[in-house]
Amino acid sequence: ILQGWMVEVIRLQPHSFWQSLAVLPFAVCFTSFGIALIVHMELVPNPADGVPFVLSKVLKKEMGFTKNLVDGGCVVLALALDLLLSHRITSLGLGTIVAMIFNGRAIAVFDRFFKNHVKALAGVGAVSAQESAISTEECGS
């Protein structure tokens, strides 16, 4: 229902390869923005976005970098399975490769400029010692 509504509102339906290619940068930007919002507002991410977030914490690297690692691993696995099972590339297209490369980079840009603002607006992230003491007193501990 929502997808149909968005198609009616946006009225953007690429029918050729070149039209799809023109829309691809916007798709990558909006997807990356959504990934960063979901993860940094501590909502429940899907596994393809949650795994890079956890890896970023474990490896102490930026999430954009770990998103590139995970996406790259998924593309390599898909390529290997394609070649092993069908002896040709069937599941990888230009959009997949572009998303693999640029989603992580777009997330890194988003994080650099907006991460702290988003976390502050959402009320998540580091809590000061004073805020922690106030919440402890409210709980009666």
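The values are calculated or read from the model by the stated rules, or taken from the named source; none is laboratory data. As the structure is a prediction and not an experimental result, all values here were calculated from the model. For neighbour counting, all protein chains shown are included, and Cβ atoms are generated from backbone atoms with ideal geometry for every residue, glycine included. The protein model used for the area step is the full one, side chains on, heavy atoms only, and it has no ligands, DNA or RNA in it. Shrake-Rupley method; radii C 1.70, N 1.55, O 1.52, S 1.80 Å.
Overview of values
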read-out: Solvent exposure of region 11-77 as accessible area per residue, Å², 1.4 Å probe; value: 65 Å²
read-out: Accessible area (Å², per residue) of region 78-129, counting only protein heavy atoms and a probe of 1.4 Å; value: 69 Å²
read-out: Approximate spin-label separation Asn46-Leu79, in nm, with each point projected 7 Å along Cα-to-Cβ; value: 2.3 nm
read-out: Backbone HN-Hα couplings from phi across region 66-74 [Karplus 6.51/-1.76/1.60, Hz, Gly and Pro as x]; value: 5, 5, 4, 4, 5, 4, x, x, 5
read-out: Share of carbon and sulfur in the accessible heavy-atom surface of region 44-133 [1.4 Å probe, %]; value: 69 percent
